[in-house]
Each structure stands twice: as C-alpha cells, then as structure tokens.
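The values are calculated or read from the model by the stated rules, or taken from the named source; none is laboratory data. On a predicted model such as this, the values are computed, not experimentally measured, just so you know. For neighbour counting, all protein chains shown are included, and Cβ atoms are generated from backbone atoms with ideal geometry for every residue, glycine included.
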C-alpha cells in the first residue's frame, strides 16, 4: 500500500508534467508552423521576383532579336534561348520549393498529432492507475478492523499490518507513529510525545506488558494482547491517544501510536 500511495503521488506528478509537455509542444508546433510559413512566403516572393526578372530579360532579348540582323541576330536568339532555359529552371525551383514547404508543414502537423495522441494515451494511463490505486485504498479502508475503545466505548478503526496502517494514514484523520520496542532496553523509548518501555512479552500467547509515560506520570499497561487498542487521555488533546501492537516476538514488539490531529489543552 505504501508503494501504491507513492505511485499515486508519482502518477499525479506525471500527469502534471504530461499536461505541461502538451502545452509546450503545442506552442512549439505553432511557432514552427508560423516560422515555416514566414520562410515559405519569403522564399516564394524571392523566387517569383527572380522569375519576373527572367521574363523581362526574355522579352527584351526577343525584341532585340527581332530588330537585329546577321551575326547580331544569331547572338540575340542565343541570348533568348539561354534566358528561356534560366526561366524554366527558375519556375521548376519555385514548384520544388512549394512542394518542400507543403511537405514540411504536413510532417510538422503529423508530428504534433502523434505527440498529442501519445500524451492522450499517457493521461488515460495515469487516470486508470490513479483510479485503480484509489479503489484499492477504499477496499483496504473498508476491510479495516474495528475495536471497542476502553475509554469511551466507541468503535475505533485499527490497523493489523503495514498495508492497513498505510490506509489509515491516507485517511489523514490522525497522526501515526510506528515503533519497535526492545525488552533489553534499560530506558523508555520516546514515541511521538509519550515514552514506552517494554517490560514483558509472550509470543506464544501474543501478549505483552509495557510502561506508558506521559504528562510526567507512568502507568503500567499489563498483559495486553496484539491488535488491542490501548487508549489514554493526555493534557494535550480532548480525544484519546491509542497504542496498537501488531507483532509480539521473543524480546520485542512492533506497533504504532495514533495521535489526534487537533491538540489543545483539555478543560
């Protein structure tokens, strides 16, 4: 569940990055198309000007050929032929450039469409993974164990393993501090804003005894069993704290401390 929650956060971040990439890609594509259109326009105008100049030269050469005679006429006709060849080459270059510009525009548009399609697929995948993670989380929350609180007698949710504890943390109703206590330790261990000292543990019967210290007082909690909520009130909160032990070994226990979100002085 911890990995699922981490993946959930990661997927949300990926979705944001994908959306930014899509926007940036759209802007870049638009800029490329605008630049391509500008270059195409300039190239076309330049080529058209060259064609017009060659046409003028061809017309002048023809007039000179009509007025000339003998050797001068032959040279004038030769000039007409040379100019006509240049004109045809220039016209072909214009057609070639136009086809190239159109091809580039199409390639750029195809690339943009492909990227948009890819982003759409990534977004759909992110949404699917997020929905799956949410569904798994909701199922885990629904499967959480209920226990009766020893202070107010109300039913409370407890976690019996790491997956369920992650689900409780995701609810964000309380703060959860995990701990491991060693029976060989001489000093009480600080857990959140209380101290715990393991006095005894019986793995065969899944039972244990601890000393609980808070508000400058120590209270023994003897012969308790796993997954049994140990509730107590402190001067810092109106709602009870809860200790739940999930594992009892030969010389150690593992569990968590549940702390109310709202901490204040009780009246």
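Each row is one residue, and each column tells you yes or no for (1) touching a helix residue (DSSP H, G or I) at 6+ places or on another chain (Cβ under 9 Å); (2) surrounded by fewer than 17 Cβ atoms within 10 Å (Cβ to Cβ); (3) outside any strand (DSSP E or B).
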{"site": "187", "(1), (2), (3)": "no, yes, yes"}
{"site": "200", "(1), (2), (3)": "no, yes, no"}
{"site": "223", "(1), (2), (3)": "no, yes, no"}
{"site": "246", "(1), (2), (3)": "yes, no, no"}
* Structure fact -> residue 227 vs (1) touching a strand residue (DSSP E or B) at 6+ places or on another chain (Cβ under 8 Å); (2) on the phi < 0 side of the Ramachandran plot; (3) in contact (Cβ under 8 Å) with a residue 24 or more places away in the chain: all pass except (2)
* To do: Could you run through the stretch 183-197 and say how many residues are closer than 24 Å to residue 157 by Cα and touching a strand residue (DSSP E or B) at 6+ places or on another chain (Cβ under 6 Å)?
  => 5
* Asked: For residue 254, all conditions in the list (1) within 19 Å of residue 157 (Cβ to Cβ); (2) at pLDDT 95 or above; (3) buried (at least 18 other Cβ atoms within 10 Å of the Cβ) hold save one; what is the number of the exception?
  -> (3)
